[in-house]
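The values are calculated or read from the model by the stated rules, or taken from the named source; none is laboratory data. Keep in mind that this is a model prediction, so the values were computed, not measured. FYI the Cβ positions are ideal-geometry reconstructions off the backbone, even for glycines, and counts take in every protein chain you see. Just so you know, the surface numbers come from the protein's heavy atoms only, side chains and all, with ligands and any DNA or RNA stripped out. Shrake-Rupley method; radii C 1.70, N 1.55, O 1.52, S 1.80 Å.
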Amino acid sequence: MRNDNGQDRAPCLVCGALDVAVFLDLGDTALANHFLRADELGPGEAKYPLRIGFCPHCNHVQLTERVAPEAMFEHYLYVSSASETLKGHLDDLARELVARYRLGANDLVVDIGCNDNTLLRSFRRFGVRVLGIDPAANLAEFAGEDIPRYTGFFGSAAAGTIVSTWGHAALVTATNTFPHIQDLQDFVDGILTVLRPGGALVMEMHYLLDLLEQAAFDTIYHEHVSYWALGPMQRLFEAHGMEIVDAERLSLHHGQLRVHVQRRGERGVCERVGQIVAAEGRAGLNRFETYAGFARRALKIKHELHGTLCALARIGRRVAGYGAPAKGNTLLGFLNIGPEILPYIVDRSPLKQGLYTPGTHIPVVAPDRLLSDQPDYLLLLAWNFADEILAQQAEYRKRGGKFMVPLPEVRVLEG
């Protein structure tokens, strides 16, 4: 099947069906984490179709066109340690998993998509062996040299190298990585190679049901090829002789799902798995109409937010942005918001300061700009970390500054 530009749509990532149905088209969009230097600004920036669809056969929600992973992940500008909320969450996760799986000094924990090793440092405090896997060579300098690292993409071929070099893993983790995987069958084959008998794969990812409930269309960008519900995930792992033995919803970000996966029969299946799958059915995650309704909400928010920003500009109010996450670039691109509306965005990450947002070319600056400039409003692009950011910017708010939250509905937070 072909899209409107005559390009072939990719088959379903889970079941291989060729008739994945588009329900939201976000247009041709720059890569969300490809921030630009000043000398890179210009008309030649690469953009790719950003469309999301529903498979009527296995109910998996996914992008219908995909960008080569090498273009997105071999140089990466997001680091886990930039958020205190996320650092605390990952520390708690390590503590919980060490206790749950009774990990000791001889046990190996492998983290796929280890980023700057924030999670692995938490694991190492409990005395276990650790190994990080990540294709982003530029992040190695932030990760340090004290934790072993395999620089490359994970799959069945990499798994053989990992086992021969470091041995089998008692635990494999993947936090906010699984939605990136384009060859799911090869990924699961790699897990089966790396994981020792009785070992577990534990993953966290944004959860489709939360995304729909919060109209979080900004979570859609090229890195996220999959938008996971538990039902399609069960089908994927069961085809490889594995099963989801536990699952739970988390409040982190705007809602995530944590799953525990093991080989079939190694552990009993927790009743929470069936409860979550049943809830997905009640919410209509197996019906195209559910996603068509989500698309209508996204378009409504687009018009409301754009109208609000334009109205503020007409009465002379000054607006800047706060946070330069990848999700923010989906929002800015979909609304066609550039520096004429947001003259700058502040972000705490030194990796992004001095660069420009992909597609919309808004400069990213350090947070100290806020108090010297004191804009009237800040559009909170990193709205999933609202509590942390509001606490950090107490002085800006004390001086009368206001935060505007775009989702799940446009609203202004008074001081």
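Out of curiosity, is Glu248 of a type outside the set (Phe, Trp, Tyr) and in contact (Cβ under 8 Å) with a residue 40 or more places away in the chain?
Taking the combined requirement at face value, the residue does not satisfy it.
Do we have Leu332 as part of a loop (DSSP other than H, G, I, E, B), under 29 Å from Asn176 (Cα atoms) and under 20 Å from the mean Cα position of the chain (by Cα) here? The answer is no for Leu332.
Conditions tested, residue by residue: (1) touching a helix residue (DSSP H, G or I) at 6+ places or on another chain (Cβ under 8 Å); (2) modelled with pLDDT of 95 or more; (3) under 20 Å from Leu390 (Cα atoms).
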| position | (1), (2), (3) |
| --- | --- |
| Thr290 | yes, yes, no |
| Gly293 | no, yes, no |
| Arg296 | no, yes, no |
| His303 | no, no, no |
| His306 | yes, no, no |
| Ala311 | no, no, no |
| Gly316 | no, no, no |
| Lys327 | yes, no, yes |
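The residues of region 401-415 that are of a type outside the set (A, V, I, L, M) and open to solvent by 50 Å² or more (accessible area, probe 1.4 Å), listed by number, are Lys402, Glu409, Arg411, Glu414, Gly415. Does region 81-93 include one or more residues that are charged (D, E, K, R), without any contact (Cβ under 8 Å) to a residue 24 or more places away in the chain and farther than 30 Å from Glu289 by Cβ? Yes: region 81-93 contains one or more residues that are charged (D, E, K, R), without any contact (Cβ under 8 Å) to a residue 24 or more places away in the chain and farther than 30 Å from Glu289 by Cβ.
Just to be sure, is Ala247 open to solvent by less than 10 Å² (accessible area, probe 1.4 Å), assigned to a loop (DSSP other than H, G, I, E, B) and either in contact with a Cys (Cβ under 8 Å, 6 or more places away or on another chain) or among the aliphatic types (A, V, I, L, M) (or both)? So Ala247 fails the test. Of all residues in region 380-400, one or more are in a helix (DSSP H, G or I), touching a residue at least 40 places away in the same chain (Cβ under 8 Å) and loosely packed, with under 14 Cβ neighbours inside 10 Å. Of the numbered criteria (1) open to solvent by 10 Å² or more (accessible area, probe 1.4 Å); (2) at pLDDT 95 or above, the one Leu252 fails is (2).
Within region 264-287, the only residue that satisfies the criterion of being open to solvent by 70 Å² or more (accessible area, probe 1.4 Å) and under 20 Å from Arg51 (Cβ atoms) is Arg287. Each residue in region 90-120 was checked for being in a helix (DSSP H, G or I) and surrounded by fewer than 21 Cβ atoms within 10 Å (Cβ to Cβ), and 8 of them qualify. Within region 246-264, does at least one residue satisfy the condition of being polar (S, T, N, Q) and in contact with a helix residue (DSSP H, G or I) (Cβ under 7 Å, 6 or more places away or on another chain)? No - not one qualifying residue is present in region 246-264.
Of the strands (runs of 3 or more DSSP E) lying entirely inside region 131-237, the ones with 1 or more residues being open to solvent by less than 10 Å² (accessible area, probe 1.4 Å) are found at 169-175, 195-206.
Table: residues versus (1) surrounded by 21 or more Cβ atoms within 10 Å (Cβ to Cβ); (2) in contact (Cβ under 8 Å) with a residue 40 or more places away in the chain; (3) of a type in the set (Val, Ile, Thr).
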| residue | (1), (2), (3) |
| --- | --- |
| Pro11 | no, no, no |
| Val20 | yes, yes, yes |
| Gly44 | no, no, no |
| Tyr48 | no, yes, no |
| Phe54 | yes, yes, no |
| Glu65 | no, yes, no |
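When Val163, Val172, Val130 are checked against the criterion of being free of Cβ contacts under 8 Å to residues at least 40 places away in the same chain, within 22 Å of Val259 (Cα to Cα) and of a type in the set (A, V, I, L, M), a single residue qualifies: Val130. Just one of the listed residues (Lys327, Lys352) is under 20 Å from the mean Cα position of the chain (by Cα) and assigned to a helix (DSSP H, G or I), namely Lys327.
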